[in-house]
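Trainee: Structure incoming, see below.
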Amino acid sequence: MSVQQLRIVVIGGGAAGFFAAISCAETYPHAQVTLIEAGREVLGKVRISGGGRCNVTHACFDPAVLVQYYPRGNKALRGAFTRFQAKDTVAWFESHGVKLKTEPDGRMFPVTDNSETIVDCLIETAKAVGVKIRTGIPVISILPQPSVSSTAPTEKEFEIKLKSEEVLRCDRLLLSTGSNPQGYRWAKDLGHTIEPSVPSLFTFNIDDPRLQDLAGVSVESARVLLPAAKPVLEQTGALLITHWGLSGPAALKLSAWGARFLHDRDYQTPLVINWLPQYNPESLRKMLLAVKSQLPQRNISANCPVPIPRRLWQSLITAVGIGAEDRWAGLSNKTLNQLIQELNQGQFLIKGKGVFKEEFVTCGGVRLKEVDFKTMESRCCPGLYFAGEILDIDGVTGGFNFQSAWTTAWLAGQSMGKWQ
């Protein structure tokens with residue numbers, strides 16, 4: 001078979017599917033690339049991500065640092081990011097007419113602040129390079145078959161049966177079906193092990209009087225820990241108190257790293273909060289004793305000496321029995337110890353998980369050892385490729401999940417068009 005006749009089918013019309021199809025068609029212009037999407041609309045997740053702005057990637061351009069943002073998949077991505085990483089994503093979109101901007105927290109968005117810019121770029125580029133896009137095409141089954149068009153007895157092709165009863169055949173098949181259970185079933189039928197899928201990136205439901213009436217209060221840098229995890233899991237970052245508990249980067253990152261542990265605990269487990277990670281208990285004690293010595297007649301409630309919001313301070317001192325009119329001079333050593341404990345090692349209880357509306361991430365998927373991360377080809381089924389969230393890869397919030405999609409898709413596209 002000549003390279004001109006190579007037939008490639010991509011199943012899944014999300015970010016990874018489109019990017020892989022484009023990468024393949026741009027690199028191998030004579031390949032026949034068809035993208036199939038079961039729904040009527042493609043790139044749905046891209047449209048609504050980042051509050052409708054699309055957080056394309058993150059301004060982290062060192063692969064060794066970039067992999068640290070992936071609770072699962074970091075080892076496999078280390079080499080992959082040396083071939084295609086965030087700076088390559090930026091360059092690719094700019095070369096296709098879309099400029100990105102970097103926000104103070106490192107997240108990168110199109111300068112238009114409109115996800116339709118990314119959607120239009122991917123669709124128009126795919127069409128321009130000859131990708132055939134077919135929507136509203138549910139796939140019923142995928143079967144590997146001996147190739148009827150190759151003289152090599154070991155060559156295989158894939159027979160794809162559609163709900164319409166049409167049958168497609170291809171020489172290379174890419175599954176980019178995200179966390180869709182059907183995609184996992186196809187991968188399993190084709191010889192792969194599927195790591196169980198559980199939610200990642202979610203908020204914590206906590207019903208505690210110390211957090212009541214504090215919705216909207218945030219701490220710029222707090223440390224949160226799951227003491228029951230082995231080893232103990234912890235994250236530091238901004239923490240937001242909500243009507244239902246806790247959100248913000250620190251909570252979301254902890255939910256990602258603790259996704260399997262929290263799932264196994266049915267999302268009910270102790271949580272320790274250090275509201276002042278810049279102080280250890282001893283330095284905090286010295287500082288509070290200095291305030292007591294220097295301002296003995298000041299009201300404790302009205303004079304917050306630590307860098308946390310006043311409303312939070314008032315809630316925490318109330319929790320250890322300090323009254324609204326109590327003064328520093330009357331602060332006992334016992335109450336001081338309790339206050340230090342509350343500030344540095346507050347004990348809370350997670351009672352469930354909430355949602356994080358801007359991200360839709362699960363951990364789990366195709367076992368990474370069964371995929372060659374130089375090419376994204378299956379080690380179990382020659383001619384089968386994977387890209388995106390169908391793999392057991394997930395990143396924390398901030399553009400990292402899109403980056404792993406772009407990277408794995410680009411690598412798959414570069415390899416699928418080769419006739420081996």
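The values are calculated or read from the model by the stated rules, or taken from the named source; none is laboratory data. Keep in mind it's a predicted model, so treat the numbers as computed, not measured. A quick note on method: Cβ atoms are made from the backbone with ideal geometry, for glycine too, and the neighbour counts reach across all protein chains shown. The area values use the complete protein model at the heavy-atom level, side chains included, leaving out ligands, DNA and RNA. Shrake-Rupley method; radii C 1.70, N 1.55, O 1.52, S 1.80 Å.
Trainee: Quote the charge dipole size of the chain about the Cα centre in Debye, to the nearest 20; the model charges only the Cβ of Lys and Arg (+1) and of Asp and Glu (-1).
Mentor: Numbers: 45 positive and 39 negative charges, 134 e Å.
Charge dipole of the chain: 640 debye, to the nearest 20.
Trainee: Given the -39500 (n - 2.57) contribution per DSSP H run of 4+ residues, what per-residue ellipticity at 222 nm results for the chain, rounded to the nearest 500 deg cm²/dmol?
Mentor: It comes out at -9500 deg cm²/dmol, rounded to the nearest 500.
Trainee: Could you pull out every one of the aspartates and glutamates with an alpha carbon less than 14 Å from that of Lys374, ignoring same-chain neighbours closer than 8 positions?
Mentor: Cα-Cα hits under 14 Å: none found.
Trainee: Sticking with this one: On the protein heavy atoms, probe 1.4 angstrom, tell me the percent of accessible surface of the stretch 282-420 carried by carbon and sulfur.
Mentor: Numbers: 2950 of 5880 Å².
Within the stretch 282-420, the accessible surface is 50 percent carbon and sulfur.
Trainee: Now a separate question. Would you give the gap between the C-alpha center of the stretch 22-51 and the C-alpha center of the stretch 186-205, rounded to a whole Å?
Mentor: Centre-to-centre distance over Cα atoms comes out at 22 Å.
Trainee: Same structure, new question: Determine, from the Cβ-Cβ distance of Val320 and Val355 and an R0 of 41 Å, the FRET efficiency 1/(1 + (r/R0)^6), rounded to the nearest 0.05.
Mentor: Once rounded, the FRET efficiency stands at 0.80.
Trainee: Using 0.36 nm per residue, how much length does the chain from Phe261 to Lys127 gain when fully extended, once their Cα-Cα distance is taken away?
Mentor: Details: separation 134, 0.36 × 134 = 48.24 nm, distance 4.35 nm.
Computed gain between Phe261 and Lys127 is 43.9 nm.
Trainee: Give me the Debye-computed log₁₀ of I(q)/I(0) at q = 0.12, 0.16 Å⁻¹ for the stretch 192-262, equal point scatterers on Cα only, no solvent, two decimals.
Mentor: -0.34, -0.57
Trainee: Largest first and in whole Å, what are the equivalent-ellipsoid semi-axes of the stretch 1-124 based on the Cα gyration tensor, each being the root of 5 times an eigenvalue? Mind dumping the intermediate values first?
Mentor: On the way: eigenvalues 131, 75, 39 Å².
Semi-axis lengths for the stretch 1-124 are 26, 19, 14 Å.
Trainee: Among Pro382, Ala329, Gly352, which residue has its Cα furthest toward the positive end of the charge dipole of the stretch 324-404, with +1 on Lys/Arg Cβ and -1 on Asp/Glu Cβ?
Mentor: Ala329
Trainee: Taking the Cα centre as origin and putting +1 on Lys and Arg beta-carbons and -1 on Asp and Glu beta-carbons, what dipole magnitude results for the stretch 26-145, to the nearest 20 debye?
Mentor: On the way: 15 positive and 12 negative charges, 73 e Å.
With Lys and Arg at +1 and Asp and Glu at -1, about 340 debye.
Trainee: Hey, what D do you get for the stretch 235-290 in µm²/s if you plug the Kirkwood alpha-carbon radius into Stokes-Einstein at 4 °C and 1.567 mPa s? Display every interim value, and only then the final one.
Mentor: Values: Rh = 13.2 Å.
The estimated diffusion coefficient comes to 99 µm²/s.
Trainee: Then there's this: Check each of the trypsin sites (Lys or Arg not before Pro) in the stretch 311-357 and keep only those in coil by DSSP with at most 13 other C-beta atoms within 10 angstrom; list them in order. Walk me through the numbers before you get to the answer.
Mentor: On the way: sites: Arg311, Arg327, Lys334, Lys351, Lys353, Lys357; in loops: Lys351, Lys357.
The qualifying sites are Lys357.
Trainee: Could you work out how far apart the two model spin labels at Asp120 and Thr102 are, taking each label as a point 7 Å from the Cα in the direction of the beta carbon, and quote it in nm?
Mentor: Output for this residue pair reads 2.6 nm.
Trainee: If you don't mind, another one. Counting alpha carbon pairs within less than 8 Å and at least 6 residues apart, what relative contact order, in whole percent, applies to the chain?
Mentor: Working: 918 pairs, mean separation 104.2, N = 420.
Across the chain, relative contact order equals 25 percent.
Trainee: Pick from Asn180, Asn74, Asn55: which residue has the top mean-square fluctuation in a GNM of the chain where Cα pairs under 10 Å get a spring?
Mentor: Asn180
Trainee: Same structure, new question: Can you check what the net charge comes to around Pro209, using other residues whose Cβ is under 15 Å from the Cβ of Pro209 (Lys, Arg +1; Asp, Glu -1)?
Mentor: On the way: positive: Arg210, Arg311, Lys351; negative: Asp207, Asp208, Asp213, Glu342.
Surrounding charge for Pro209 is -1.
Trainee: Follow-up question, since we're still on this one. Taking a threshold of 26 Å on the Cα-Cα distance, which of the pairs Lys75/Lys156; Lys253/Lys292; Lys45/Lys253 fall above it?
Mentor: Working: Lys75/Lys156 31 Å; Lys253/Lys292 37 Å; Lys45/Lys253 21 Å.
Listed pairs above 26 Å: Lys75/Lys156; Lys253/Lys292.
Trainee: A follow-up question, please. Under a cut-off of 21 Å between alpha-carbon atoms, report the lysines in cross-link reach of Lys161, not counting same-chain residues fewer than 8 places apart.
Mentor: Lys132, Lys188
Trainee: Over its Cα atoms, what ratio of radius of gyration to 2.2 N^0.38 Å does the stretch 292-345 give? Could the numbers behind the result be given before it?
Mentor: On the way: Rg = 10.1 Å, N = 54, 2.2 N^0.38 = 10.0 Å.
After normalising by residue count via 2.2 N^0.38 Å, the value is 1.01.
Trainee: Now a separate question. Dividing the alpha-carbon Rg of the stretch 51-177 by 2.2 N^0.38 Å yields what?
Mentor: Values: Rg = 19.3 Å, N = 127, 2.2 N^0.38 = 13.9 Å.
Rg over 2.2 N^0.38 Å, computed on Cα atoms: 1.39.
Trainee: Continuing with this model, one more query. How big is the Cα convex hull of the stretch 53-127 in projection, averaged over all directions, in nm²? Present the calculation step by step, with values, prior to reporting the outcome.
Mentor: Working: hull surface 21.6 nm².
Taking a quarter of the hull surface, the average projection is 5.4 nm².
Trainee: With every protein chain left in place, what is the accessible area per residue of the stretch 56-146 in square angstrom, probe 1.4 Å? Intermediate values should be presented prior to the final figure.
Mentor: On the way: 4230 Å² over 91 residues.
Ligands and nucleic acids excluded, the result is 47 Å² per residue.
Trainee: Can you give the Rg/Rh ratio of the stretch 147-232, where Rg is from the C-alpha atoms and Rh is the Kirkwood radius?
Mentor: Values: Rg = 24.2 Å, Rh = 18.9 Å.
Rounded to two decimals, Rg over Rh is 1.28.
Trainee: Could I ask something else about it? Calculate I(q)/I(0) for the stretch 186-324 by the Debye formula, one identical point scatterer on each C-alpha and no solvent, and give its log10 at q = 0.22 Å⁻¹ to two decimals.
Mentor: Debye output, listed in q order: -1.37.
Trainee: Taking the Cβ of Ser415 as the centre, find all other residues whose Cβ is under 12 Å away and add up their charges (Lys, Arg: +1; Asp, Glu: -1).
Mentor: +2
Trainee: Let me ask something else about it. What length, rounded to one decimal in nm, is gained on full extension from Leu295 through to Asn280, with 0.36 nm per residue of separation minus their alpha-carbon distance? Before the final figure, lay out the partial values.
Mentor: Values: separation 15, 0.36 × 15 = 5.40 nm, distance 2.23 nm.
Result: 3.2 nm gained on full extension.
Trainee: Shifting gears a bit: Taking the chain as a Gaussian network, where each spring joins two C-alpha atoms under 10 Å apart, which residue of Gly51, Gly248, Gly178 fluctuates the most?
Mentor: Gly51
Trainee: Additional query: In whole angstrom, and with the biggest value first, how far do the Cα coordinates of the chain range along each principal axis?
Mentor: 92, 41, 36
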